[in-house]
Amino acid sequence: AAPNTEVGHLATSLNAMLAQIESAFDERNRTEERLRRFVADASHELRTPLATIRGHAELVHTGVAKSPDDIARVIGRIESESIRMASLVEDLLVLARLDTAPTLDTRPVDLLSIAVDAVTGAQVRHPGRRITVSNPTEPPWEDMPATALGDPGRLHQVLTNLLSNAVRYTPSDTEIEVCVGVQDGRVRVSVIDHGPGLKAGNESRVFERFFREDQGRGRATGGAGLGLAIASALVEKHGGTLAYLPTPGGGSTFEISLPAVEI
Ligand code: ADP
């Protein structure tokens with residue numbers, strides 16, 4: 001019986017090895033597929049403004065746009081499309097860098113002051129919009145500073161991004177709230193809005209690259225669907241999470257959660 005057992009053992013380990021190799025191949029195929037999709041989506045997104053720029057340049061070149069007014073309009077359009085393209089390229093570069101060697105300049109940072117800064121910036125860009133900041137310290141919140149290890153510039157960028165989404169995707173007469181607090185040893189920063197919220201089923205898809213709930217609306221507001229992908233990748237590089245929760249009563253809440261540190 002001994003040799004048979006040996007053969008049995010051998011077969012079992014061979015099978016285990018084969019399964020491992022197979023899953024490594026599967027993983028590699030999935031990675032390649034993701035990369036292919038990313039390149040295809042990025043090219044598609046870049047081609048659209050490029051086609052508009054080219055078409056408008058042709059209007060001038062062929063004399064279709066002749067009057068100073070027409071030419072001014074065409075140049076304005078070329079300008080705005082190039083700005084869109086530049087910001088898209090910028091986003092793509094940020095994503096590429098995040099995939100390879102991200103350089104985070106981490107130190108203990110106070111999330112409350114970063115939130116106040118980001119909100120001030122948003123208020124300057126969107127005068128008249130009501131954006132408030134709160135810092136609860138009563139139970140269930142812990143009465144301690146909202147300090148986490150992080151790169152202040154990147155965390156500011158994440159919050160600015162969430163705020164700009166809240167401004168763009170909600171009616172201008174609704175309030176936006178930012179809540180910063182510590183709970184269960186984690187610093188939580190939530191951007192709470194009272195807009196339409198996400199459609200059921202899209203809660204995790206919004207963090208995918210190039211995902212837009214409404215292609216038409218995304219176009220009109222100029223987004224390429226990269227903002228939340230960048231924001232969540234940045235928070236994850238910090239060892240934290242970015243999650244979507246529906247706002248009670250309607251709307252979206254995007255919550256950043258980072259391990260709190262004592263200082
Ligand atoms: P973009 O804003 O460029 O489209 P994002 O990655 O920032 O890309 O957002 C992806 C999609 O998630 C948006 O197109 C929008 O449909 C949805 N979304 C994001 N934030 C909100 C929000 N605060 N309220 C409702 N929908 C939102």
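The values are calculated or read from the model by the stated rules, or taken from the named source; none is laboratory data. Everything numeric in this text was worked out from a predicted model, so none of it was measured. All Cβ positions, even for glycine, are placed from backbone atoms using ideal geometry, and neighbour counts span all protein chains on display. Note: accessible area is taken over every heavy atom of the protein model, side chains too, but ligands, DNA and RNA are not part of it. Shrake-Rupley method; radii C 1.70, N 1.55, O 1.52, S 1.80 Å.
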- Query: Using a probe of 1.4 angstrom, how much of the accessible area of the chain is carbon and sulfur, in percent?
  - Reply: 58 percent
- Item | Relative contact order of segment 162-263, pairs being alpha-carbon contacts under 8 Å that are 6 or more residues apart, as % | 30 percent
- Hey, what do the phi angles of segment 72-82 turn into as Karplus ³J(HN,Hα) couplings, whole Hz, using 6.51/-1.76/1.60 and θ = phi - 60°, x for Gly and Pro? 4, 4, 4, 5, x, 5, 4, 4, 5, 5, 5
- Message: For the chain, set up a GNM with springs between Cα atoms under 10 Å and report which of Ala224, Ala42, Ala72 has the largest fluctuation.
- Response: Ala72
- Query: What percent does the relative contact order of segment 44-178 come to when contacts are Cα pairs within less than 8 Å and at least six residues apart?
  - Reply: 25 percent
- Task: Scan around Val187 for amide H atoms under 5 Å from its own, H built in the peptide plane at 1.01 Å from N, and keep only partners 5 or more places away or cross-chain.
- Result: Leu258, Ala260
- What relative contact order, as a whole-number percentage, does the chain give when Cα pairs under 8 Å and 6 or more residues apart are counted? 16 percent
- Once all protein chains are kept in place, Lys237 shows an accessible area at probe 1.4 Å, nearest 10 Å², of 90 Å²
- For the chain, whose charge dipole is built from +1 on Lys and Arg Cβ atoms and -1 on Asp and Glu Cβ atoms, the candidate among Pro49, Pro196, Thr160 with its Cα farthest towards the positive end is Pro49
- Item | Residues with amide H under 5 Å from that of Gly251, placed H, sequence gap 5 or more | Gly197
- Using only C-alpha atoms and all pairs of different ones, pull out the Kirkwood radius for segment 46-152 in Å with one decimal. 18.5 Å
- Could you work out the helix-only [θ] at 222 nm for the chain, with each DSSP H run of four or more residues adding -39,500 (n - 2.57) and the total divided by the number of residues, to the nearest 500 deg cm²/dmol? -19000 deg cm²/dmol
- Quick one: what are the phi-derived ³J(HN,Hα) couplings along segment 181-194, Karplus 6.51/-1.76/1.60 with θ = phi - 60°, whole Hz, x for glycine and proline? x, 10, 8, 6, x, 10, 7, 10, 10, 10, 9, 10, 10, 10
- Message: Before I look further, what does the chain give for accessible area per residue, probe 1.4 Å, in whole square angstrom?
- Response: 58 Å²
- Looking at the chain, what % of the alpha carbon pairs are farther apart than 31 Å? 42 percent
